[in-house]
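Structure record follows, encoded as structure tokens.
All of the numbers you see were taken from the coordinates with simple rules; none came from a lab. Predicted model only: the values in this text are computed from it and were never measured. Counting neighbours? That spans all protein chains shown, and the Cβs are built from the backbone with ideal geometry, glycine included.
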Amino acid sequence: MKMKLCIKCKKELPATSEYFYNRKDSKDGFRNDCKECHYERIKIYRKTEDGKNARKRYYKSDRAKELHVNACKKYYNTDNGKSKIISYQQSDEGRESHNKANKKYKKSEKGKISILKENSRRRNMNYVQLIPNPFSVNEDIDWHHIDDKYVVALPRDLHRLYMGKYHKDNVMIIVKQIYLENIELTANVKGENEVRKLYNPRNCVDLLLEGVEKYI
């Protein structure tokens with residue numbers, strides 16, 4: 001077996017990947033210092049100011065993040081990883097973390113739409129936005145079904161004024177007041193997108209009441 005001398009500890013060791021790290025630009029394909037000496041040098045460097053800064057920069061790099069994600073995925077697919085996930089989920093800390101994340105998601109625009117879609121599915125209703133949300137991102141809104149297919153955005157406090165048996169009919173009064181003028185409808189006509197402006201108030205009311213089937 002071919003032997004190699006470590007330039008640090010002066011030990012003669014087998015020239016294999018068991019004792020030396022690979023290095024493409026060297027003659028024999030290995031570093032000149034053995035793994036033990038190389039590791040000791042790295043430990044000392046990491047304790048220096050330059051070493052600490054270099055480590056921080058590396059952890060922020062895309063490569064480090066990608067390697068970390070892949071390592072986590074690989075670990076959590078093992079029996080130990082799966083067991084650790086279950087233990088964390090059943091702990092008080094895990095439940096609290098899940099509840100916080102769930103509340104945050106439900107308050108987001110994506111979460112609100114997801115909840116509405118799920119509720120619509122349970123009620124055997126479709127979910128198609130008739131008109132884009134015209135309200136500010138800071139406004140709390142509900143998506144109201146004007147029929148079994150189409151929904152429109154309404155301020156939450158107004159939408160929840162009329163709950164109960166005649167909710168849809170009562171809320172339609174608010175819907176008309178908000179969306180009565182100059183509704184723009186994106187319609188699909190012979191495969192091409194077209195924007196129609198319906199200035200006639202009667203057409204606007206029909207549009208909201210009938211769910212725009214005759215316009216799409």
How far apart, in nm, are two points set 7 Å out from the Cα along the Cα-to-Cβ line at residue 21 and at residue 88?
2.9
Are any of the pairs 65/110; 149/176; 117/149; 73/100; 65/112 more than 20 Å apart by Cα-Cα distance, and if so, which?
65/110; 73/100; 65/112
With Rg from the Cα atoms and Rh as the Kirkwood inverse mean 1/r over Cα pairs, segment 3-60 has an Rg/Rh of 1.08
Using the basic label-point model (7 angstrom from Cα toward the beta carbon), what is the residue 98 to residue 135 distance in nanometres?
3.1
Between residue 64 and residue 114, what FRET efficiency comes out of the Förster formula 1/(1 + (r/R0)^6) with R0 = 41 Å and r the beta carbon distance, rounded to 0.05?
0.80
About the Cα centre, and with charges only on the beta carbon of Lys, Arg (+1) and Asp, Glu (-1), how big is the dipole of segment 55-105? Nearest 20 debye, please.
380
Ordering of 142-149, 35-42 by burial proxy (mean other Cβ atoms within 10 Å per residue, highest first):
142-149, 35-42
Once amide H atoms are built 1.01 Å from N in the peptide plane, which residues 5 or more positions from residue 11, or in another chain, come under 5 Å H to H?
6
Straight distance only, please: which lysines reach the Cα of residue 60 with their own Cα at less than 16 Å, same-chain residues fewer than 8 apart left out?
52
Report the full-extension gain for the segment residue 158 to residue 44: residue separation times 0.36 nm, less the Cα-Cα distance, to one decimal in nm.
34.5 nm
Please work out the Cα convex hull volume for segment 10-168 and give it in Å³ per residue.
275
